[in-house]
1. Taking +1 at the Cβ of each Lys and Arg and -1 at the Cβ of each Asp and Glu, which of 73, 51, 158 sits farthest along the dipole of the chain towards its positive end, judged by Cα position relative to the Cα centre?
2. Once the Cβ-Cβ distance between residue 32 and residue 157 is put in as r, and R0 is 25 Å, what FRET efficiency do you end up with, to the nearest 0.05?
3. For the residue pair residue 122 and residue 91, what label-to-label distance in nm results when each label sits 7 Å from Cα along the Cα-to-beta-carbon direction?
4. In what order do 126, 91, 109, 101 fall by count of nearby beta-carbon atoms within 10 Å, going from fewest to most?
5. After finding the eigenvalues of the alpha carbon gyration tensor for the stretch 38-184, what semi-axes result from the square roots of 5 times each, listed largest first in whole Å?
6. With a 10 Å Cβ neighbour count serving as the proxy for reagent exposure, in which order, fewest first, do 113, 26 appear?
7. Debye sum, Cα scatterers, the stretch 73-123, no solvent: what log₁₀ I/I(0) at q = 0.17, 0.31 1/Å?
8. State, to one decimal in nm, how far the label point of residue 145 lies from the label point of residue 187, with both points 7 Å from Cα in the Cβ direction.
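Values in this text are rule-based calculations from the coordinates and carry no lab data. A quick note: this is a predicted structure, and the numbers were derived from the prediction, not measured. Note that we place each Cβ from the backbone using ideal geometry, even for glycine, and neighbour counts take in every protein chain shown.
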Amino acid sequence: MTTETIPNRFTQKSPEKGQFDQSFIVAAVEDFVSWGQSYSLWPFPFATACCGIEYMALSGADFDIARFGAERPSFSPRQADMILVLGTITYKMAPVLRNIYDQLADPRYVVSVGACASSGGMFHTYAVLQGIDRIMPVDVYVPGCPPRPEAIIEAIMQLQKKVRAQTIEERREEIREKLRIIEEKNRPIRVE
Ligand code: SF4
């Protein structure tokens, strides 16, 4: 591996110029691990509607998410790093989705794909959850109905940047804060 293949902040040239100049990498273990994690984000595709078809296109040869190390879908949350929510989520389905989120391996990431997952989309009805961020923390929102596969690729790239930029402690703090806000919003109103 040469220094050209990894981001600059992980590299530091060896003090002595010479034949080993391009052969050493000096990095904090945490940076190195998060760099590795960013290129092995295994998805849990939670596909409930038409956005799922875009995910299928994304996994095919034309778009090829293997280029980002995210080609291996996991249908067991314990072997997944990020959940892609693709489609309409009803209130009946919401507890199941939250349960799967809780079972994902830590650190876990959430990508809300399409208008339905992000805001309920055109289904402004009593039965549809108006955005999955009402029940779980979201890292990246993908607009569109449906979003093009390129838009989902862009979301994965944004997530990769985030994974590389955050320390474990910063990640935990972000999740704690988002879950606190969700709990606050979902607290029932008591009329006394
Ligand atoms: S956002 Fe559009 S394409 Fe995606 S699940 Fe909803 S209706 Fe279907």
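1. Value: 51.
2. E(calc), rounded to 0.05, equals 0.80.
3. If labels sit at residue 122 and residue 91, their model points lie 2.3 nm apart.
4. Working: 126 6, 91 12, 109 24, 101 19.
Ranked by crowding around the Cβ, least crowded first: 126, 91, 101, 109.
5. Ellipsoid half-lengths, sorted descending, are 21, 20, 13 Å.
6. Final ranking by Cβ density, sparse to dense: 26, 113.
7. Summing over Cα pairs of the stretch 73-123 leads to -0.51, -1.20.
8. About 3.4 nm separates the two model spin labels.
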